[in-house]
Amino acid sequence: MQRTAIVHIGLEKTGSTAIQRWLSVNRVLLWENGILMPSSIGFPNHTKLVAACLDDGAIDNIKSYQLFATGYTEKAFRRHVFGALQHEILSDRTDWHTLLITSELISSRLSTASEIQRLLDQVRPHVDRVRVVVFLRRQDQLAVSRFSSILRSGHSGFDDLFIDYSPSNFRQLPDGRLVSDDLFFYDFEEILGRFESLPATSINAYFYGACNPIQVFAGLLELPSSTKVSAQERHNPALSAEAQYILSRLNSLKTVQFASGMRNSAYRKLQRSVESEMVGPPRAVSRQCAESFLHRYADINRRISSRYGHSGQCFSDDFSAYPESVDYSGLPGQVAERLSFYQRQAERLPDVEPLPSLLRYRLKRMKVYLGDSFRFGRDRTSAYSLHPNDVAQDGAR
C-alpha cells in the first residue's frame, strides 16, 4: 500500500484555523477513511511538532511556552515530542494510507535546512512520498489581515501596518540567525524553496481567494464527495481601527507572555474584551500604501504564478477594496474614554506570574518527571490508536 504524508504549512491568514477546526470536527471521517492525523503533537494544530523542530537556541513564543509548561530542556522536549509522534505512527493501527500534518507555523517559524530536515525526518520513514500543501495570499492583503494578530501578540504600535514583526515572535535566537517577515510571510520563492528539489517531495500551491481551502483539503484527502465542505465560521478576524488602537496602547502597559514563558491569561482575557466590545469595520489602509507594498514582490509573484498557477488561479490585481485615502488622526480623541476605562482594568492585572498558576505548572512538571501521563491525559502518545472520539483537543497555541 502506497502511503503519503500531506504536510500543510500555511501560510498564516489563509484559513488555516478554519481548516484545522474542520478536520477536528471530521476526525471520525478521517479515521474511517484511513487518514492518520496525530494528536500527540498538538491537536488540531501541530504546534508542538513545529516547536520541537526549531534549532537549538531558536526559541519563539510557542516554544517558550512549551518549555515552561513541560519543564524540559530544548533537547529533552524534542526527544519527548518526536518520541510521542513515532509511538503514535507505529501504534496498533496499521491500515492508514495518509499521514496528515498541519500547522501554519511551519511556514512562519521554520526556515533553516536543519529545521526542515527534522520535520521531514519524522514522516519520511513511514511514507512513500510527501506532499507539501500551501495557500498563498497576496502580500498586501496578508499584511493588513495579519496586523490584528500582531497586536494580539503584543505589538504596541498602531500607525505602520507594514512592519517587520517576525523578530518579535522570537524570545531567543542563535548568533547569525536571520529572521524577517520576507523569510516567513512574503517572499514566496524563499518559503517554497525550502521544499523544492527535496527527494520524494512535491508542492501543491493554491492562491487564497481563488479557491475554497476546505474544499481543496477534502479533495486532497480523497474524502467522499458527500463530505460537507461549507464555509466555516471566521476565526481571528481583522479588528476595527478602534480596537487596534486601544490594544496598541494597552500592550505598552502589559505583556501577553511573561519572561518565564507563561502566558498572561488575565491580560489576554482583557484583550478579547476589547475585541468583542470595540466592533466596527476592519482597519483600512490607503490604496497607494497597499499598491506600494505589493510592488516590492511583483517579480516574485510573476515567477510564482508562472510555476504554480493552475486552472486560472493567480494573484488578482484588483485594489478597488482599498479607499483612496485614510485618516485616523482623530481616533485617539474618539476612543479616549474607552481607552481610559481599559487602562484602569489593565493596571489591576499582575505584572509577574501569579503564584497559584506557577504552582500548578510545577506540579505538572513534577508528574512528567515521575513518568506520569498527566500532561497528555490518557497516554496521549498513543491516542490515535484509540477511536478519535476519545481524543480531546489539546490547546497547544
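Restricting Arg118, Arg78, Arg124, Arg109 to those that are out of contact with any Lys or Arg (no Cβ under 9 Å at 6 or more places or on another chain) and in contact (Cβ under 8 Å) with a residue 12 or more places away in the chain reduces the list to Arg124.
Here Phe293, Phe315, Phe319, Phe341 are screened, and the one residue that is out of contact with any Leu (no Cβ under 7 Å at 6 or more places or on another chain), modelled with pLDDT under 95 and among the aromatic types (Phe, Trp, Tyr) is Phe315. Inclusion of Val130 among residues that are under 17 Å from the mean Cα position of the chain (by Cα) and of a type in the set (Val, Ile, Thr) is not warranted.
Please work out if Ala383 is at pLDDT below 90, assigned to a helix (DSSP H, G or I) and within 27 Å of the chain's Cα centre (by Cα). So Ala383 passes the test. Against the numbered list (1) farther than 17 Å from Asp55 by Cα; (2) among the small types (Gly, Ala, Ser); (3) touching a Ser or Thr at 6+ places or on another chain (Cβ under 7 Å), Ser202 comes up short only at (3).
Of the residues Thr47, Thr98, the single one that is touching a strand residue (DSSP E or B) at 6+ places or on another chain (Cβ under 9 Å), at pLDDT 95 or above and either buried (at least 19 other Cβ atoms within 10 Å of the Cβ) or under 26 Å from Ser114 (Cβ atoms) (or both) is Thr98.
Taking the range 222-262 as the range and being over 30 Å from Leu358 (Cα atoms), in contact with a Phe, Trp or Tyr (Cβ under 6 Å, 6 or more places away or on another chain) and part of a loop (DSSP other than H, G, I, E, B) as the test, only Gln232 passes. Elements of the type helices (runs of 4 or more DSSP H) sitting completely within the range 263-345 and holding at least 1 residues that are of a type in the set (D, E, K, R) and surrounded by 11 or more Cβ atoms within 10 Å (Cβ to Cβ): these cover 265-277, 287-295, 298-308. Listed by first and then second residue, the pairs with beta-carbon distance under 8 Å, at least 6 apart or on different chains, first residue in the range 154-174 and farther than 19 Å from Gln288 by Cα, second of a type in the set (Phe, Trp, Tyr) and in a loop (DSSP other than H, G, I, E, B), are His155/Tyr165. Residues in the range 113-136: is at least one surrounded by fewer than 19 Cβ atoms within 10 Å (Cβ to Cβ), closer than 22 Å to Tyr308 by Cα, touching a strand residue (DSSP E or B) at 6+ places or on another chain (Cβ under 7 Å) and not small (Gly, Ala, Ser)? Yes, the range 113-136 contains a residue that is surrounded by fewer than 19 Cβ atoms within 10 Å (Cβ to Cβ), closer than 22 Å to Tyr308 by Cα, touching a strand residue (DSSP E or B) at 6+ places or on another chain (Cβ under 7 Å) and not small (Gly, Ala, Ser).
The values are calculated or read from the model by the stated rules, or taken from the named source; none is laboratory data. On a predicted model such as this, the values are computed, not experimentally measured, just so you know. Every residue, glycine as well, gets a Cβ built from its backbone with ideal geometry; the counts of neighbours run over all protein chains shown.
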